[in-house]
Amino acid sequence: MRIAVMGQGYVGLPLAMAAVDAGHHVIGFEPGHQRFERLSAASSYVEDVPDKTLRAALDTGRYLPTRDEETLTGFDVAVITVPTPLKDRQPDLSYVCAAARTLAPGLKGGATVVLESTTHPGTTRDVLVPILEGVTGWKAGVDFHIGFSPERIDPGNQQWTFENTPKIVAGLTLDCRDRVAEFYASVTQHLVLAESLEEAELAKVFENTQRQVNIALVSELQRHAHTLGVDVYRVIDLCTTKPFGFTRYVPGPGVGGHCIPCDPVYLSEHLHREYGTRFRLVELAQEINDSQPAYVVRRLQDSLNRQGKAISSCRILALGQAYKPNTADMRESPAVDVTELLVDLGAHVSVVEPHLQYLTAGDYREVPDDLSSYDAVVLLTPHDTFDLQHIADRARFVLDTRGVMPDAAHIERL
Ligand code: SAJ
């Protein structure tokens, strides 16, 4: 089939590569100039797509990266894989709407449009369909097909890939769903049929909402465990021995990335704005997660205070800035929030982050040897490249926000 993939990011590019591999002709629409240049030069910017995969796709002659909207014609299936970020804590569907307006002119009769971006229930039916019908003058489900199939890409996950992760598919009509299923059956191994668009949209948002709420739960547990003088990480390790009915989450310095902090807000904001109802657990979880960086800073302040040190005269080394271990992504990273709060308090802060693009004075990509020269080391993102025993042996004091450091008198855990 001729496939148009709108957006060649960490979701769209793996999908495009899988479609080329399955024998389809793929147009990879990427409005970003620099990204377009890199795609054309087989220089991948997506960690799960190596350059050689991109080169092979280009060499088949069936992969065309493009910024030119004119090329978006005659496709059988268009997949929208664009960001749905929060802007001022409000869902931003502008990228989805722009992608729809871009592909609509080239939509041919009987073609299928699928939305993959994470969004609140009702987006496909109430936002996407009107745009496509408005531009074409056609009727969705009659003159063209429309569906929703949430992305489940987990960057860096070697076990669960685009091809082997079960894929939920939904359609405006059963015929639409069949068309969506026909495409995904050619590029993934397991399809899961949803009965409605809204079911699939809500399922995706809830997949990440349950993480957000559970992470907030262990974060609040951690604060009370500290009050009780109990090590929360040991408590959770004990709970984890229960082979059923317990899902392990551990406290950290906060919740980062572009899924977990954002997706639940799509749901809570939509319910509040459209129906005047409040998803109270999500809103409370958001508050707890958002306050975790400041809680970490307060704990560090208390510890230094007990050593008779004012934080404003301290040298602090922050280990890790990415939002989770072994990724380079620093978007919405609580580790960055902690670092900024410490700087605001007047501390002299150096960061260690292997994935730093640019090194400024006092920042490192590897753990420096002069650890003992810092009043405190705060472990925020334990990348595998960090030698935790080496750090424990040389640091004067460590605040471990992940519960992974060895036991020692000079090491405090959240
Ligand atoms: N976090 C904790 N404690 C936990 C788990 C996570 O503090 O017990 C923090 C992480 O440090 C990070 C944030 O929460 O800052 C999000 O972590 P995450 O493990 O959920 O990683 P993400 O954001 O990459 O989530 C993605 C999601 N994948 C998709 O939406 C397709 C999520 O559904 C996956 O479960 C997750 O990857 C995964 O399992 O890797």
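Laboratory data are not the source of any read-out in this text; all were calculated from the coordinates shown. Please read these numbers as outputs of a predicted model, since none were measured by experiment. No Cβ is skipped: glycine too gets one built from the backbone with ideal geometry, and neighbour counts run over all protein chains shown.
In percent, what relative contact order does the chain have, based on Cα pairs under 8 Å that are 6 or more apart in sequence? Once divided by the residue count of the chain, the mean separation gives 10 percent.
From least to most packed, judged by other beta carbons within 10 angstrom and beginning with the fewest, 248, 331, 125, 35 follow the order 248, 331, 125, 35. Given R0 = 60 Å, the distance between the Cβ atoms of residue 139 and residue 409 translates into a calculated FRET efficiency of 0.25.
Arranged by the count of other C-beta atoms within 10 angstrom, fewest first, what order do 17, 405 take?
Ordered from fewest to most neighbouring Cβ atoms within 10 Å, 17, 405 come out as 405, 17.
With a cut-off of 10 Å between beta carbons, the residues surrounding residue 8 carry a summed charge of +1, where Lys and Arg count +1 and Asp and Glu -1. Sequence-distant contacts, meaning Cα pairs under 8 Å at least 6 residues apart, place the relative contact order of the stretch 1-125 at 27 percent. Considering only 43, 14, 31, the residue lying farthest towards the positive end of the dipole of the stretch 1-48 is 31, judged by Cα position with unit charges set on Cβ. Distance between the 7 Å Cα→Cβ label points at residue 182 and residue 277: 3.7 nm.
Dipole of the stretch 148-245 computed with +1 at Lys/Arg Cβ and -1 at Asp/Glu Cβ about the Cα centre; of 203, 226, 172, farthest Cα towards the positive end is 226.
Result for the chain in a Gaussian network model with C-alpha springs under 10 Å: among 222, 301, 159, the largest mean-square fluctuation is at 159. GNM remark for the chain: springs join alpha carbons under 10 Å apart, and the peak mean-square fluctuation among 81, 240, 165 falls on 240. Among the GluC sites (Glu not before Pro) found in the stretch 163-205, those both in a DSSP coil and sparsely packed, with 11 or fewer other Cβ atoms within 10 Å of their Cβ, are 195.
Modelled label positions at residue 165 and residue 237, each set 7 Å beyond Cα in the direction of Cβ, lie 3.0 nm from each other.
For the chain, what is the calculated [θ] at 222 nm in deg cm²/dmol (nearest 500), taking -39500 (n - 2.57) for each run of four or more DSSP H residues and dividing by its residue count?
Values: 12 runs with 157 residues, N = 414.
One gets -12000 deg cm²/dmol as the mean residue ellipticity at 222 nm.
In this simple spin-label approximation, residue 33 and residue 67 carry label points 7 Å from Cα along the Cα→Cβ vector, and these lie 0.6 nm apart.
Each Lys and Arg adds +1 at its Cβ and each Asp and Glu adds -1 at its Cβ; summed about the Cα centre, the chain shows a dipole of about 420 debye. Considering only 358, 233, 63, the mean-square fluctuation computed in a Gaussian network model of the chain, springs between alpha carbons under 10 angstrom, is largest for 358. Each Lys and Arg contributes +1 and each Asp and Glu -1, all at the Cβ; summed about the Cα centre of the stretch 111-156, the dipole is approximately 100 debye. A cut-off under 15 angstrom between Cβ atoms defines the neighbours of residue 184, and their net charge, with Lys, Arg +1 and Asp, Glu -1, is -2. A Förster radius of 35 Å, combined with the Cβ-Cβ distance separating residue 310 from residue 89, puts the computed FRET efficiency at roughly 0.55. Once the other residues with Cβ under 12 Å from the Cβ of residue 272 are scored (Lys, Arg +1; Asp, Glu -1), what is the net sum? For residues surrounding residue 272, the net value is +1. In straight Cα distance, which lysines are under 20 Å from residue 167, not counting same-chain residues fewer than 8 positions off? Excluding near neighbours in sequence, the set is 204. For the stretch 342-414, the relative contact order works out to 22 percent when only alpha carbon pairs closer than 8 Å and six or more residues apart are counted.
Which of the residue pairs 87/324; 242/309; 108/324 have a Cα-Cα distance greater than 31 Å in the structure shown? Too far apart for the 31 Å limit: 242/309; 108/324. Our estimate of slack between residue 41 and residue 228, defined as 0.36 nm per intervening residue step minus the Cα-Cα distance, is 61.6 nm.
Each Lys and Arg contributes +1 and each Asp and Glu -1, all at the Cβ; summed about the Cα centre of the stretch 299-377, the dipole is approximately 200 debye.
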